[in-house]
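Written out below as C-alpha cells is the structure these notes cover.
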Amino acid sequence: MPEQTRALLVEMLSTTLEVLGTPNGIKTEKAIAIAAKRLVDEYGNFTIEDWRLCMHEMQAGRSVNHYNNTNLEWLIKCFQAYDERKLAELRAYHAEEAQKFQDESANFYREALEKTVGNTPINRTLAELLTEPPKSSWEEREAMARRDTHRREAQIKKQMRELVRAQMRAKRKKE
C-alpha cells in the first residue's frame, strides 16, 4: 500500500478518535498507526470511500456503542458491522437486479412462445412451460395443420396466378 494512502487512513482514524474524545482507548500516534495497519490487514477489501463512510458512522454515533473506550476491539467491531451492512445492501441490490432480469427474460420468452403458438394467450406460467414435457393439445395440432394447409394453398394459388399471367403474356406476344 502506498505511503500516502496509509497516511490518509491514519489521519482519518486519528481525526475520528479526536472527534469521539473518549477518556479511554487509543491515543498515541504509534497506537493509531498500529490500529490502522491491523484494520487494513483485516479489511483489505475496503476502499477509501468505505473507510470514510465507516468513520463518518462512528463520528455520528450510528456505529457500535463505544462505552467511552475506543480500543482496537471496538474499531474492529465497527468495521465488521459496517462490512455486514454493506454486504446486506449489495445482496439486496443483486437480488433485485436478478429478479428484474428474470422477469424481463420471462416476458421475452413468453412473448416469443406466444408468437410461435399463434398469438393465442397462454394461461400457464413460464415455470410450468419450462418444466412440463413438450406436448401439444389436439386443438393446437389442428390449428397448426390448418395454418400449414392455408399457407400451402396460398403458395399454390400464387404460383397458379403467375403461371396464368405468364401464359397470357405469351399469348399476347404471339398475337
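Annotations for the structure displayed:
- Restricting attention to the stretch 60-79, the residues being open to solvent by 60 Å² or more (accessible area, probe 1.4 Å) and either modelled with pLDDT of 90 or more or among the aromatic types (Phe, Trp, Tyr) (or both) number 3.
- Check on Leu90, at pLDDT 90 or above and either exposed (fewer than 14 other Cβ atoms within 10 Å of the Cβ) or closer than 30 Å to Arg146 by Cβ (or both): yes
- Against the numbered list (1) part of a helix (DSSP H, G or I); (2) more than 30 Å from Thr125 (Cβ to Cβ); (3) among the aromatic types (Phe, Trp, Tyr), Phe46 comes up short only at (1).
- Qualifying residue in the stretch 26-43 (condition: of a type in the set (Phe, Trp, Tyr), touching a helix residue (DSSP H, G or I) at 6+ places or on another chain (Cβ under 8 Å) and assigned to a helix (DSSP H, G or I)): no
- Selection status of Leu8, within 17 Å of His56 (Cα to Cα), open to solvent by 40 Å² or more (accessible area, probe 1.4 Å), of a type in the set (A, V, I, L, M) and modelled with pLDDT of 90 or more: yes
- Restricting attention to the stretch 16-25, the residues that are part of a helix (DSSP H, G or I) and open to solvent by 60 Å² or more (accessible area, probe 1.4 Å) add up to 2.
The values are calculated or read from the model by the stated rules, or taken from the named source; none is laboratory data. Note that the structure is predicted; figures quoted are calculated from it, not measured. So basically every Cβ, Gly included, is an ideal-geometry build from the backbone, and we count neighbours across all protein chains shown. Heads up: the accessible areas ignore ligands, DNA and RNA and are worked out on the full protein's heavy atoms, side chains in. Shrake-Rupley method; radii C 1.70, N 1.55, O 1.52, S 1.80 Å.
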